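Trainee: First the structure, then my questions, so here it is.
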Amino acid sequence: MSRPRRCSRCAINPVGYPGRDTCYQCVPKTLTPRPCIRCGVNPIAYFGRSTCYECVPRRRKGPPRCKKCGTTTDYFTAGRCRRCHRKAPVVDSCGDCLAWGVTRRRDWICQGCAAWRIRFPTSQRCRCCQRWVPVNLRGDCRLCMRQANLVRPKHQRNDVLRANRYGQQLFLADLFRQKRPEPKPVALPARPRHYPVAHRQLVLLPTEPDLAAGRRGGFAEPPLPDLASYLDDVLVAHATAHGWAKGTVVSARSAIRILLATQQTPGAPITASDVTKLRTIELSSTRNVTTILRIAGMLHDDREPSINAWFRAQQRDIATPMADELRLWFEMLRDGSTTPPRSRPRTRRTVTSLVSFAVGALRDFSCAGHQSLRTIDRQAVLDVLPTDAPRRDKTLTSLRSLFRYLKARRVIFTNPTTRIRSVPVQLREVLPIDLDPVRDAITSDNPLRAALAALIAFHALRPHQVVAIQLHEIRDGRLHLPDRTIPLATPVRQRLAAWLDERQRRWPNTANPHLFLNHYNATRTAPASTNWITKTIGVSAQALRMDRILHEAITTAGDVRRLTDMFGVSVPTAERYAFTGIEPAEPRTRTPLP
């Protein structure tokens with residue numbers, strides 16, 4: 001009798017069974033089951049066997065029950081069936097929508113139903129198919145909704161019960177988000193001549209429509225199908241040209257049909273205030289809807305500019321005659337003046353800055369008993385000026401503009417701010433910032449955050465320059481700005497390449513020519529806001545730019561010419577950084593900025 005072979009690993013225990021060279025203790029524990037040595041197709045019955053249940057000789061009983069689900073059919077290995085074993089190559093149907101082609105990766109649920117469960121986590125009995133699955137607010141499951149969308153005629157409302165009356169068309173899983181070929185641009189259709197109508201229907205008892213109740217029970221069909229068809233054609237043409245996503249188009253179409261169905265005068269222009277009411281049911285972006293209505297010529301913008309409401313809030317605690325005089329100056333700043341003294345309209349930022357500093361002084365005038373700016377003299381102006389030099393300078397500048405305009409309009413007799421000199425403002429010293437958040441932003445997994453941080457940290461671009469960069473301005477490894485050309489650093493080029501790949505993946509059909517996009521301007525052609533850069537990076541973009549210029553000034557020992565050439569700053573600004581970054585042997589006099 002021959003001795004059993006020893007294990008090739010431990011050399012102590014005998015081999016487990018013929019055909020192996022290791023014992024049971026040294027056998028490698030892998031998740032992939034070994035195939036049967038006879039058929040080579042099915043896995044072994046369980047650990048320690050070399051054949052499956054189909055090839056075992058003189059089998060007297062069938063496979064055991066599955067340890068997980070308890071079924072006695074389709075046994076795989078290790079006490080589990082094919083559906084329960086982790087390594088069984090099984091493809092089955094979705095448990096919610098019955099779509100074929102799902103695996104156990106998402107627990108036998110397709111991607112569409114996984115997103116549906118996140119949106120509607122409550123499981124109830126579907127009012128149409130009577131299955132116990134997650135349903136939407138109307139009580140319909142995803143399968144019934146897909147069937148209703150499949151058979152719904154164009155420009156008509158979804159009728160789920162009618163669409164599922166004679167059965168349902170099953171489909172393959174995860175094929176609804178395939179990338180389709182880019183559609184050709186569609187020209188805007190011609191507007192019907194009889195729209196919009198010139199009349200307005202007066203109502204006896206004006207009421208506000210309950211949009212939430214209409215969302216639950218369903219809205220009526222638009223009374224003018226031809227107008228609804230025209231607006232839908234405009235929506236499709238604009239969405240195609242600007243690369244809107246399918247969900248954005250569906251939401252905008254639903255919002256427009258709701259506005260048409262709830263109009264008091266069918267065919268009349270839709271007011272912008274009615275569009276803003278859609279926010280109560282979170283149906284669509286009001287900006288997208290107003291854009292479509294404006295292009296179609298069916299929008300009546302009755303909204304008040306937000307700066308007017310802001311100005312009314314600033315007028316409180318000010319005497320009425322003085323508030324009227326302040327309003328004249330505000331209207332000149334906002335709209336400009338075509339009569340002498342002529343003036344151009346100021347930007348919103350300039351208007352709010354000037355009015356904010358002037359309002360503080362006018363409130364002090366009112367508290368002192370003055371009713372009009374005609375009674376203000378030089379001493380009254382000196383009494384209300386702040387002691388802080390920067391605020392004193394800005395307040396005096398605002399009051400000068402106010403009194404100069406009122407005197408030119410002959411509202412007041414004298415300008416009390418004449419020959420009042422401002423105190424020279426001492427510029428604050430530029431200090432370095434903490435670089436840990438900057439390093440975290442540059443090495444971030446988010447391509448957008450890394451590209452923004454690297455572009456400002458390496459080349460010290462201004463925030464408004466970053467958002468204004470267009471795609472054609474980056475070529476041959478250089479950034480071509482209107483005033484200079486910047487050779488991009490290697491880390492910046494790498495991160496910009498990663499962001500361009502991400503940009504193409506997320507918005508492949510966008511018409512926006514700017515380099516940096518977000519979900520607000522991806523469907524338009526406008527640049528992003530400068531505040532968005534700071535929120536994305538996590539560090540002030542202006543502070544990061546100043547730190548980069550200061551670092552260059554320290555490295556080059558205050559080379560003013562280099563600072564002006566590299567960063568496009570003026571000579572006084574470069575001197576400010578140069579004097580901060582070096583320790584001069586003799587005291588130098590800093591030239592104050594204008």
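The values are calculated or read from the model by the stated rules, or taken from the named source; none is laboratory data. Keep in mind it's a predicted model, so treat the numbers as computed, not measured. Heads up, the Cβs are rebuilt from the backbone with ideal geometry, glycines too, and the neighbour counts pull from every protein chain shown. What goes into the accessible areas is simple: the full protein's heavy atoms, side chains included, and nothing from ligands, DNA or RNA. Shrake-Rupley method; radii C 1.70, N 1.55, O 1.52, S 1.80 Å.
Trainee: Based on alpha-carbon positions alone, could you give the equivalent ellipsoid semi-axes of the chain from the gyration tensor, as √(5λ), descending, whole Å? If you can, show how the numbers build up before the last one.
Mentor: On the way: eigenvalues 869, 355, 93 Å².
Its equivalent ellipsoid spans semi-axes of 66, 42, 22 Å.
Trainee: Related question: Could you work out the equivalent-ellipsoid semi-axes for region 240-345, taking the square root of 5 times each eigenvalue of the Cα gyration tensor, largest first, in whole Å? Intermediate values should be presented prior to the final figure.
Mentor: Numbers: eigenvalues 279, 57, 38 Å².
Over the Cα atoms of region 240-345, the semi-axes work out to 37, 17, 14 Å.
Trainee: Tell me the label-point distance for the pair Thr280, Leu137, using the 7 Å Cα-to-Cβ offset, in nm and rounded to one decimal.
Mentor: 1.2 nm
Trainee: Moving to a separate point now. Rank these residues by their accessible area, most exposed first, probe 1.4 Å: Val355, Val90. Don't skip to the answer; put the middle values down first.
Mentor: Numbers: Val355 0, Val90 30 Å².
Sorted descending by solvent-accessible area, the residues read Val90, Val355.
Trainee: Same structure, new question: In region 430-505, which trypsin sites (Lys or Arg not before Pro) fall in coil by DSSP and have 12 or fewer other Cβ atoms within 10 Å? Can you show the working numbers first?
Mentor: On the way: sites: Arg439, Arg449, Arg475, Arg478, Arg484, Arg493, Arg495, Arg503, Arg505; in loops: Arg484.
Listed in order of number, the matching sites are Arg484.
Trainee: Then there is this: What ranking of Arg65, Arg294 comes out by heavy-atom accessible area, probe 1.4 Å, highest first? Write out the running numbers ahead of the final one.
Mentor: On the way: Arg65 155, Arg294 130 Å².
Most to least solvent-accessible, the answer reads Arg65, Arg294.
Trainee: Given R₀ = 22 Å, FRET efficiency for Gln494-Leu435 by Cβ-Cβ distance, to 0.05? It would help to have the intermediate numbers written out before the result.
Mentor: Values: r = 20 Å, r/R0 = 0.89.
For Gln494 and Leu435, the calculated efficiency is 0.65.
Trainee: Per the 1.4 Å probe, what fraction of the accessible area of the chain, in percent, lies on carbon and sulfur atoms?
Mentor: Numbers: 18490 of 35970 Å².
Result for the chain: 51 percent of the exposed heavy-atom area is carbon or sulfur.
Trainee: With N denoting the number of residues in region 403-541, provide Rg(C-alpha) divided by 2.2 N^0.38 Å, to two decimal places. Walk me through the intermediate numbers first.
Mentor: On the way: Rg = 21.2 Å, N = 139, 2.2 N^0.38 = 14.3 Å.
Relative to the 2.2 N^0.38 Å estimate, region 403-541 comes out at 1.48.
Trainee: I've got another one for you. Given the Cα-Cα distance of Ala389 and Ala213 and 0.36 nm per residue of separation, how much length would full extension add, in nm?
Mentor: Details: separation 176, 0.36 × 176 = 63.36 nm, distance 5.78 nm.
Gain in length upon complete extension: 57.6 nm.
Trainee: Further question on the same structure: Counting only heavy atoms of the protein chains, get the accessible area per residue of the chain (1.4 Å probe) and round it to a whole Å² value.
Mentor: Details: 35970 Å² over 594 residues.
Solvent-accessible surface per residue comes out at 61 Å².
Trainee: For the chain, the longest stretch holding no GluC sites (Glu not before Pro) located in a DSSP loop with at most 13 other Cβ atoms within 10 Å is which? Walk me through the intermediate numbers first.
Mentor: Numbers: sites that count: Glu282, Glu429.
Value returned for the longest uninterrupted segment is 1-281.
Trainee: Treat each spin label as a single point 7 Å out from the Cα along the C-beta direction, and report the Ala220 to Leu202 distance in nm.
Mentor: 2.2 nm
Trainee: From a point 7 Å beyond the Cα of Lys246 in the direction of its Cβ, which residues of region 518-535 have a backbone N at a distance under 16 Å?
Mentor: Within reach of a label on Lys246, which here means backbone N under 16 Å from a point 7 Å along Cα→Cβ, region 518-535 contributes nothing.
Trainee: Enumerate the amide H contacts of Ile270 below 5 Å, restricted to partners 5 or more residues apart or on another chain; note that Pro and chain-start residues carry no placed amide H.
Mentor: It is Leu299, His300, by chain and number.
Trainee: Based on the mean of other beta carbon atoms within 10 Å per residue, what is the order of 506-517, 413-424, most packed first? Display every interim value, and only then the final one.
Mentor: Details: 506-517: 17.7, 413-424: 13.0.
Peptide ranking by packing, descending: 506-517, 413-424.
Trainee: Hey, another quick one. Tell me what the chain gives for mean residue ellipticity at 222 nm when only DSSP H runs of n ≥ 4 count, each as -39,500 (n - 2.57), the sum divided by the residue total, rounded to 500 deg cm²/dmol. All intermediate terms of the calculation are to be shown ahead of the outcome.
Mentor: Numbers: 21 runs with 236 residues, N = 594.
Only helices count here, giving -12000 deg cm²/dmol.
Trainee: Based on the Cα gyration tensor of region 390-464, what are the three equivalent ellipsoid semi-axes, each the root of five times an eigenvalue, rounded to whole Å and given largest first? Write down the numbers at each step before the final one.
Mentor: Numbers: eigenvalues 441, 54, 13 Å².
Equivalent ellipsoid of region 390-464: 47, 16, 8 Å, largest first.
Trainee: Looking only at region 295-336, which residues have a backbone nitrogen under 19 Å from a spot 7 Å from the Cα of Arg193 in the C-beta direction?
Mentor: Hits in region 295-336 for Arg193 at 19 Å: 297-298.
Trainee: Return the FRET efficiency for the residue pair Ser356, Arg105: r is the Cβ-Cβ distance, R0 is 35 Å, and the value is rounded to the nearest 0.05.
Mentor: On the way: r = 57 Å, r/R0 = 1.63.
Between Ser356 and Arg105 the formula returns 0.05.
Trainee: Related question: How would Trp329, Trp116 rank on accessible area, largest to smallest, probe 1.4 Å? Please report the intermediate quantities before stating the final value.
Mentor: Working: Trp329 0, Trp116 40 Å².
My answer, sorted largest first, is Trp116, Trp329.
Trainee: How many nm is it between the label spots at Leu471 and Asn308, if each spot is 7 Å from the Cα in line with the beta carbon?
Mentor: 4.0 nm
Trainee: For Arg82, what residues show an amide H to amide H distance below 5 Å, using hydrogens built from the backbone and excluding near sequence neighbours?
Mentor: Phe76
Trainee: Could you give the length gained by full extension between Arg125 and Gln379, i.e. 0.36 nm per residue of separation minus their alpha carbon distance, to one decimal place? Please list the in-between numbers first.
Mentor: Details: separation 254, 0.36 × 254 = 91.44 nm, distance 7.92 nm.
Between Arg125 and Gln379, full extension yields 83.5 nm more.
Trainee: While we're looking at this one, here's another question. Would you mind calculating the gained length between Leu172 and Ser372 on full extension (0.36 nm times residue separation, minus the Cα-Cα distance), in nm to one decimal?
Mentor: Value of the extension gain: 64.3 nm.
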